[in-house]
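Participant: Please find one structure pasted underneath; my questions will follow.
The values are calculated or read from the model by the stated rules, or taken from the named source; none is laboratory data. Note that the coordinates shown come from a computational prediction; the quantities given were computed from them, not determined experimentally. Methodologically, a virtual Cβ is constructed for each residue, glycine included, from the backbone with ideal geometry; neighbour enumeration extends over all protein chains shown. Quick note on the areas: whole protein, heavy atoms, side chains included, nothing else; ligands and nucleic acids left out. Shrake-Rupley method; radii C 1.70, N 1.55, O 1.52, S 1.80 Å.
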Amino acid sequence: MESVRGCCATRVCGAGVASLGVFCPGFRAGRPPRLSGAMWRRCLRLQDSGRRLRDQAMGGLTARMGPGPGPTTQPLARAYAPLTERKRFYQNVSITQGEGGFEINLDHRKLKTPQAKLFTVPSEALAIAVATEWDSQQDTIKFYTMHLTTLCNTSLDNPMQRNREQLIRAAVKFLDTDTIWVEEPETLVELQKNEWDPVIEWAEKRYDVQIGSSTSIMGPSIPAKTREVLASHLASYNMWALQGPDLACVPAGIEFVATQLKSMVLTLGLIDLHLTVEQAVLLSRLEEEYQIQKWGNIEWAHDYELHELRARTAAGTLFIHLCSESTTVKHKLLQE
Amino acid sequence: MAALGSPARTMRGLLRELRFVSAATGRPYRGSAAYRYLVKAFRAHRVTGEKLCRAQHELHFQAATYLCLLRSVRAHVALHQEFHGKGERSVEESAGMVGLKLPRQPGGKGWEP
C-alpha cells in the first residue's frame, strides 16, 4: 500500500494526488501500478488549475502596483514596463481644439485617460496647464507630480462612479470634523484663536450660518440648516457639463481640496478667493507650524509634506476655478 | 487681498517657473503655449475702467495659485531627489563608510567561471 501511495505522490504528479486520497485505479496485487489515461488527465488538470491560481494572484499584485494616473497612448497595454519608470517618449506637447473641448497631443498622439477615453477639457487655461505639466517631465515621467492631470483623469473617468450628490455629501461630511473648529486646551490656543477665528467669522458672515468652535475632541455639532445651506451652495457651482452625462468635476475638485486641507471652511475660503493657497495651507497646518517653531524644522519631512500639500491644494483650487468659470471678454469702447 | 502681492511680482515669478520648465525641453520659453497665454491674459486684464475689478482679481488669484503649484512641485521634486530618491548604497560605498575596502584578487576567486 505504501509503495503505491509513494509512487502516486512523488513519481506521477507533483501536485500530490495522494493527498486527495486517489488510489491508482490500475492497482492489482503483484503488478506494478500503471498510470491510466483518466489519471493522467486529472493530474494535468490539477497542474493547470494550480498555475491559473498562481497567475491570478500575481496578476492581482501587478495590477495594484502601478499608480492610478498612467495615461497610455498606445492601444496595447505595455505590461512589462512598470508605470513608475516610463521614460519621456515624446518631444512636443501641443494643444488642439476638438468638438468636446481642448485636447492634448504628445508628438502626434492624442492623450487619453487611464480608461482610454479621449482627454478633453473645456477650458483652454486648464489644457495649457496640463500640457505644461507633461512638458516639464525630464527623462522619466513622474506621475506623482502631475496633479492637474490626475484631477482631470479622475473627473473624466469617474472610476468610483460617484455622481455629484455623493461628492457633495462627502464634502459636507467634512464639516463635522473640520480642523479649524477643534481648539486644543494648551498654549497653542492663543495662536489658534488669532488665526482661525477670523476665518470662522468670515465663513459665518458669508454663508449666514451658525457654527462655533469647541474644545472637546468631538467637535461642535453642526445644525442641519448649516449643512443644507452649504450643500446647496456647493451644488450651485457650474458643472463641467459639455458632454451629455452629468460630470461632477467641480464637486470632485472641492472634495479633493477638502481632503488635503482636512477642512471644509478653508476650502470655501479658497473658492471664494478669500485666502491664498499658502495661507490656507498654513492655517491647516497650524499646529505643526507651532511645533516646528518650538522644536525645529526637519527638512526632509516637514518641508516635503508642506510642498506636497501646497502643490495638491493649488492644483485642486486651480481646477475648481478653471472648471467653473466662463471667460467672456467684453471690449469696452473708450469714451472720450 | 493684500496677501496676494502685486501682479507684476506674480508675473515675474511665473516667467521664472516657466524658464525652469522649458529647461526640460531645451526650447526657449517664449515659444511655449503657457507663456503666450499668460502674456495675453495679463495684458487683456490690465486696462479696465473700474476701480475694483473682480475679474482682474480673479485672474491674479488664479495666476498666484498656478505659481504656487509650479513652485511647490519643483521644490517637492528637488527634496525627493535629495533625500528620498537615492536608493540603496552599493557594497563598495557601504564598506567605505566604516573604513573598509573590498578585497581584490588578481587571479579571480576560485569558484568564478
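Participant: Can you confirm whether B:Arg71 is over 17 Å from A:Val130 (Cβ atoms), basic (Lys, Arg), open to solvent by 50 Å² or more (accessible area, probe 1.4 Å) and modelled with pLDDT of 90 or more?
Facilitator: Working: over 17 Å from A:Val130 (Cβ atoms): yes; basic (Lys, Arg): yes; open to solvent by 50 Å² or more (accessible area, probe 1.4 Å): yes; modelled with pLDDT of 90 or more: yes.
Yes: the conditions hold for B:Arg71.
Participant: With open to solvent by 60 Å² or more (accessible area, probe 1.4 Å), at pLDDT below 90 and within 19 Å of A:Thr140 (Cα to Cα) as the only criterion, which of B:Arg9, B:Arg54, B:Arg27 stands out? Give the steps one after another, and end with the answer.
Facilitator: Values: B:Arg9 fails: within 19 Å of A:Thr140 (Cα to Cα); B:Arg54 fails: within 19 Å of A:Thr140 (Cα to Cα).
Among B:Arg9, B:Arg54, B:Arg27, only B:Arg27 is open to solvent by 60 Å² or more (accessible area, probe 1.4 Å), at pLDDT below 90 and within 19 Å of A:Thr140 (Cα to Cα).
Participant: Follow-up question, since we're still on this one. Among the residues of region A:289-318, write down those that are surrounded by 15 or more Cβ atoms within 10 Å (Cβ to Cβ) and away from chain B (no Cβ under 12 Å).
Facilitator: The answer is A:Glu289, A:Tyr290, A:Ile292.
Participant: Separate question: Quick check, is B:Glu17 among the charged types (D, E, K, R), touching a residue at least 12 places away in the same chain (Cβ under 8 Å) and within 11 Å of chain A (Cβ to nearest Cβ)? It would help to see each step written out before you state the result.
Facilitator: Values: among the charged types (D, E, K, R): yes; touching a residue at least 12 places away in the same chain (Cβ under 8 Å): yes; within 11 Å of chain A (Cβ to nearest Cβ): yes.
When the stated conditions are applied, B:Glu17 passes them.
Participant: From the list A:Leu242, A:Leu261, which one is surrounded by 12 or more Cβ atoms within 10 Å (Cβ to Cβ), among the hydrophobic types (A, V, I, L, M, F, W, C), at pLDDT 80 or above and not assigned by the TED database to the domain that holds A:Thr149? Spell out the reasoning first.
Facilitator: Numbers: A:Leu242 fails: at pLDDT 80 or above.
One residue alone meets the criteria, A:Leu261.
Participant: Which members of region B:92-113 meet the condition of being open to solvent by less than 100 Å² (accessible area, probe 1.4 Å) and either at pLDDT 90 or above or among the β-branched types (Val, Ile, Thr) (or both)?
Facilitator: In the first step, residues of region B:92-113 are kept if they are open to solvent by less than 100 Å² (accessible area, probe 1.4 Å); the result is B:94-96, B:99, B:102, B:107-110, B:112.
Matches in region B:92-113: B:Ser94, B:Ala95, B:Gly96, B:Gly99.
Participant: Looking only at region A:92-131, how many residues end up being assigned to a loop (DSSP other than H, G, I, E, B) and within 10 Å of chain B (Cβ to nearest Cβ)? Quick ask: steps written out before the conclusion?
Facilitator: First, the residues of region A:92-131 that are assigned to a loop (DSSP other than H, G, I, E, B): A:92, A:98-101, A:107-108, A:111, A:113-117, A:119, A:122-123.
Those left that are additionally within 10 Å of chain B (Cβ to nearest Cβ): A:92.
So the answer is 1.
Participant: Moving to a separate point now. Can you confirm whether region A:286-300 contains a residue that is on the phi > 0 side of the Ramachandran plot and at pLDDT 80 or above?
Facilitator: Pass one, region A:286-300, residues on the phi > 0 side of the Ramachandran plot: A:296.
Checking the rest, the ones that are also at pLDDT 80 or above come to A:296.
The answer is yes, given that some residue of region A:286-300 is on the phi > 0 side of the Ramachandran plot and at pLDDT 80 or above.
Participant: Has region A:132-151 got at least one residue that is within 13 Å of chain B (Cβ to nearest Cβ), of a type in the set (Val, Ile, Thr), buried (at least 19 other Cβ atoms within 10 Å of the Cβ) and in a loop (DSSP other than H, G, I, E, B)?
Facilitator: Yes.
Participant: Do we find a residue being over 28 Å from A:Lys142 (Cα atoms), part of a helix (DSSP H, G or I), open to solvent by 80 Å² or more (accessible area, probe 1.4 Å) and more than 10 Å from every other protein chain (Cβ to nearest Cβ) anywhere in region B:35-47?
Facilitator: Checking region B:35-47: at least one residue is over 28 Å from A:Lys142 (Cα atoms), part of a helix (DSSP H, G or I), open to solvent by 80 Å² or more (accessible area, probe 1.4 Å) and more than 10 Å from every other protein chain (Cβ to nearest Cβ).
Participant: Looking at region B:80-91, which of the residues that are assigned to a helix (DSSP H, G or I) and at pLDDT 85 or above is least open to solvent (accessible area, probe 1.4 Å)?
Facilitator: Looking at the filtered set, the residue picked out is B:His80.
Participant: Pairs needed: first member in region A:248-267, among the basic types (Lys, Arg); second member anywhere, at pLDDT 80 or above and surrounded by fewer than 24 Cβ atoms within 10 Å (Cβ to Cβ); C-beta distance under 9 Å; at least 6 residues apart or different chains.
Facilitator: Close Cβ pairs satisfying both conditions: A:Lys262/A:Ser284.
Participant: Does B:Arg27 satisfy the condition of being of a type in the set (Lys, Arg), outside any helix (DSSP H, G or I) and within 11 Å of chain A (Cβ to nearest Cβ)? If you could, list the steps in order and put the result at the bottom.
Facilitator: Working: of a type in the set (Lys, Arg): yes; outside any helix (DSSP H, G or I): yes; within 11 Å of chain A (Cβ to nearest Cβ): yes.
For B:Arg27, the condition - of a type in the set (Lys, Arg), outside any helix (DSSP H, G or I) and within 11 Å of chain A (Cβ to nearest Cβ) - is met.
This table checks each residue for (1) modelled with pLDDT of 90 or more; (2) not assigned by the TED database to the domain that holds A:Val250.
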site	(1), (2)
A:Ser94	no, yes
A:Gly98	no, yes
A:Gly101	no, yes
A:Ala125	yes, yes
A:Asp176	no, no
A:Val182	no, no
A:Leu191	no, no
